[in-house]
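Undergrad: Here you go, one structure.
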Amino acid sequence: MNTTAETLRSALAGLLDGLPPKQASAAVERLIASYRGQTPTDSPVLRDRSDVAAYAAYRMPATFEAVRAALDGLAEAAPDWAPGSHVDVGGGTGAATWAVDATWDGPRDTTVLDWAEPALALGKELAAASGSPVLRAADWRRVVIGTGLSLPDADLVTVSYVLGELTPQARTAVVAEAARAGQAVVLIEPGTPEGYLRIREARDQLIAAGLKVAAPCPHDGTCPIEVGQDWCHFSARVSRSSLHRQVKGGSLPYEDEKFSYVAATRFPARPAPSRITRKPQIRKGLVLLDLCGPENGPSSGLTRATVTKRHGTLYKAARDADWGQDWPPQP
């Protein structure tokens, strides 16, 4: 866990003080349904301070880790680039802004847009406790996230765990406006079949708008996954809070947040040669890697690579490889 993640958890500590556990659990259960896309709305999901406190304590660390993992994909594809301005659409309590702050150093103008005033208020409160000049100086604005959305131009536009809350028409409009305003656009959704389909649809829209895919895909061609047979998603490890244990039960100190994402840019980026799309399977003397490769060539599409001891240093790299990483490792 890096310093930013530790600071976030510290800022979230005690957020539920005074809120009855049953009320917090009820708010979380309703929010989980919205997060999974089971209750699509055209209105804010976070309604009051109790909702926001439950959301922040329960979901913010997981959102932070998922967004940070997606941003890592962009940072690896564009190692010499850093955003000087960031607009977070539907940013709620600001998890994505914390993730951006954990990914890139330097000064940055940050704007968080959301339709829930209680979320913005709490996000600003958490940012004030961050110790980060960038987060403390962020501009928190209440706007309706929908068909009439107008964004300021920015180096980076993030839209995380928002598309599933929108009607199809609003979703298309938000992605179109993000593509217009951003030099780089990163979209993150839950790692469910439905979340993947929203990302897949948005990916096509970004490409049609003239952006190039930087991550996770190695190409701008059609996704090789057959819809209904599988879905592209990744995993980020999250330390579990007491509220996680209260709502979900279990004793593990962590859980794995599954997410789908796409990062696209208007500037040159170097996508992965191939991407590891599943957890590597380590066997005696070999490692099996499920890969998504370039659009054309012998390793195009979805393939499985078998890396054995005969591959020398590549075998050691395969044993250390993780789901979501580039393959082969970049120098």
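Undergrad: Identify all residues within segment 255-272 that are modelled with pLDDT of 95 or more, open to solvent by less than 10 Å² (accessible area, probe 1.4 Å) and in a loop (DSSP other than H, G, I, E, B); write none if there are none.
TA: Scanning segment 255-272 gives no hits.
Undergrad: Just to be sure I understand, how many residues within segment 122-139 are open to solvent by less than 40 Å² (accessible area, probe 1.4 Å) and either under 14 Å from ASP88 (Cβ atoms) or without any contact (Cβ under 8 Å) to a residue 60 or more places away in the chain (or both)?
TA: The first filter runs over segment 122-139 and keeps only residues open to solvent by less than 40 Å² (accessible area, probe 1.4 Å), leaving 122-123, 126-127, 130, 132, 134-135, 138.
Restricting the remaining residues to those that are either under 14 Å from ASP88 (Cβ atoms) or without any contact (Cβ under 8 Å) to a residue 60 or more places away in the chain (or both) gives 123, 126-127, 134-135, 138.
Of the residues in segment 122-139, 6 are open to solvent by less than 40 Å² (accessible area, probe 1.4 Å) and either under 14 Å from ASP88 (Cβ atoms) or without any contact (Cβ under 8 Å) to a residue 60 or more places away in the chain (or both).
Undergrad: Counting just the residues of segment 273-327 that are hydroxyl-bearing (Ser, Thr, Tyr) and in a strand (DSSP E or B), which one comes out nearest to PHE234 (Cα to Cα)?
TA: The first filter runs over segment 273-327 and keeps only residues hydroxyl-bearing (Ser, Thr, Tyr), leaving 274, 277, 299-300, 303, 306, 308, 313, 315.
From what is left, the residues that are in a strand (DSSP E or B) are 274, 303, 306, 308.
Details: SER274: 14, THR303: 17, THR306: 21, THR308: 25 Å.
By that ranking, first place goes to SER274.
Undergrad: Could you check how many residues of segment 66-78 are part of a loop (DSSP other than H, G, I, E, B) and closer than 30 Å to TYR254 by Cα? Talk me through it step by step, then tell me what you get.
TA: Residues of segment 66-78 part of a loop (DSSP other than H, G, I, E, B): 78.
Keeping just the survivors that are closer than 30 Å to TYR254 by Cα gives none.
Of the residues in segment 66-78, 0 are part of a loop (DSSP other than H, G, I, E, B) and closer than 30 Å to TYR254 by Cα.
Undergrad: For segment 304-316, which residues satisfy the criterion of being among the hydrophobic types (A, V, I, L, M, F, W, C) and either open to solvent by 80 Å² or more (accessible area, probe 1.4 Å) or modelled with pLDDT of 95 or more (or both)?
TA: Of the residues in segment 304-316, the ones among the hydrophobic types (A, V, I, L, M, F, W, C) are 305, 307, 314.
Result: VAL307, single match.
Undergrad: If GLU201 satisfies all but one of (1) within 26 Å of ALA11 (Cβ to Cβ); (2) part of a helix (DSSP H, G or I), what's the number of the condition it fails?
TA: Against the list (1) within 26 Å of ALA11 (Cβ to Cβ); (2) part of a helix (DSSP H, G or I), GLU201 comes up short only on (1).
Undergrad: Mind telling me which of the residues ALA102, ALA173 ends up being closer than 17 Å to ALA11 by Cα and surrounded by fewer than 24 Cβ atoms within 10 Å (Cβ to Cβ)? First the steps, then the outcome.
TA: On the way: ALA173 fails: closer than 17 Å to ALA11 by Cα.
Being closer than 17 Å to ALA11 by Cα and surrounded by fewer than 24 Cβ atoms within 10 Å (Cβ to Cβ) holds for just one of ALA102, ALA173, which is ALA102.
Undergrad: On to the next question. Report whether or not ALA119 is farther than 26 Å from ALA54 by Cβ and open to solvent by less than 20 Å² (accessible area, probe 1.4 Å). Please lay out each step first, then the result.
TA: On the way: farther than 26 Å from ALA54 by Cβ: no; open to solvent by less than 20 Å² (accessible area, probe 1.4 Å): yes.
No; evaluated as a whole, the condition is false for this residue.
Undergrad: Has segment 189-198 got any residue that is assigned to a strand (DSSP E or B), closer than 25 Å to PRO79 by Cβ and open to solvent by less than 10 Å² (accessible area, probe 1.4 Å)? Explain how you work it out, then say what you get.
TA: Filtering segment 189-198 down to residues assigned to a strand (DSSP E or B) leaves 189-190.
So of that shortlist, the ones also closer than 25 Å to PRO79 by Cβ come out as none.
Taking every residue of segment 189-198 in turn, none turns out to be assigned to a strand (DSSP E or B), closer than 25 Å to PRO79 by Cβ and open to solvent by less than 10 Å² (accessible area, probe 1.4 Å).
Undergrad: Every residue in segment 62-90 that is closer than 21 Å to ALA129 by Cβ and open to solvent by less than 10 Å² (accessible area, probe 1.4 Å), please. Don't jump to the end; show me each part of the working.
TA: From segment 62-90, those closer than 21 Å to ALA129 by Cβ are 62-65, 67-68, 86, 88; that's our starting set.
Residues satisfying the conditions are ALA62, THR63, PHE64, VAL67, HIS86, ASP88.
Undergrad: Still on this structure, please answer the following. What tally of residues in segment 208-241 results from selecting those that are at pLDDT 95 or above, touching an Asp or Glu at 6+ places or on another chain (Cβ under 7 Å) and open to solvent by 50 Å² or more (accessible area, probe 1.4 Å)?
TA: Looking only at that region, the number is 1.
The values are calculated or read from the model by the stated rules, or taken from the named source; none is laboratory data. As the structure is a prediction and not an experimental result, all values here were calculated from the model. Methodologically, a virtual Cβ is constructed for each residue, glycine included, from the backbone with ideal geometry; neighbour enumeration extends over all protein chains shown. Ligands, DNA and RNA are stripped out before the accessible areas are found, and what is left, the full protein with its side chains, is counted by its heavy atoms. Shrake-Rupley method; radii C 1.70, N 1.55, O 1.52, S 1.80 Å.
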